[in-house]
Amino acid sequence: MKNTILIWLLVLFFTAPGLGQSPFWMEDFGTSQGWYLEDNWAISGGKLEFYWSPSISNFDQEALSPLISLDENVGELIVTQYLDVFSGTPDESAEIAIISGNETTVIWNYVLIEGNWGNSNGSDISFPLQEFAGQDIKIRFRTFGLTTFNWNWWDIFEVKITAYYDKDLCIQNITGPTSVDVMEEGTWQVEIRNLGLESMADFTVFIYDKKTGNQMGSITGHRITDFT
């Protein structure tokens, strides 16, 4: 049996005043843990979905996220969704709201008479969250109206919250072996992305043995100015 070393990488860098937007919280609906779902709402197949059946008259149904503690530097709420309409009427609506304490703030309302929204694979819609900085919130997806029969479905594929931080780097892509034999040399190409708005020069990529945690090597990066 060969002895192999699994590797993982870490980027360390010096910070200074800057501005960037990074993912702070994300839900890809791999599970339904923490979500409160009323009738005709379900989480399955990697999405949150409201479905018309069984048909309900004079309905008001919601899907409520777990409690989210926002960073002081919170940026935007980004929802990737698709709304499919069976019959466009002014009597049914889709709504997204932020609940903070006893306050509910509606940030999006869509009336079905306007027809389908987005594309079937999901389209992004974003909302600023700075007014909720440092607060504990829940995200509410609400459907209401005369009858669910006028819907087909409302699919939410991903919900993401971003935050603004000081200079911010991330590993965008790694090319190379996932393991090497003991005493064998390995070469990896690491693509670093700058999420900040200022260039960075003083950062180092470290390579570690995933099993033992021992450092295997490091390299100091070049100046990055590809702002996001």
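The values are calculated or read from the model by the stated rules, or taken from the named source; none is laboratory data. Quick caveat, the model's predicted, so the values are computed rather than measured. When we count neighbours, we look across all protein chains shown, and the Cβ atoms used for this are built from the backbone with ideal geometry, even at glycine. Side chains included, ligands, DNA and RNA excluded: accessible areas come from the protein's heavy atoms. Shrake-Rupley method; radii C 1.70, N 1.55, O 1.52, S 1.80 Å.
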Determine the gain in length on full extension of the stretch Phe206-Glu103; use 0.36 nm per residue of separation and subtract their C-alpha separation, reporting nm with one decimal. 32.5 nm
Going by the alpha-carbon gyration tensor, a ≥ b ≥ c the square roots of its eigenvalues, is region 68-121 rounded (a/c under 1.5) or, if a/c is not under 1.5, prolate (a/b greater than b/c) versus oblate? oblate
What FRET efficiency comes out for Glu95 versus Asn173 if R0 is 45 angstrom and r is the Cβ-Cβ distance? Round to the nearest 0.05. 0.75
Provide the FRET efficiency to the nearest 0.05 for the Glu38-Asn116 pair, computing r from the beta carbons and using R0 = 30 Å. 0.80
Roughly how many nanometres apart are two label points built 7 Å out from the Cα toward the Cβ at Ile219 and Ser57? 6.9
Please compute the per residue accessible area over region 40-130 with all protein chains in place, 1.4 Å probe, rounded to a whole number of Å². 46
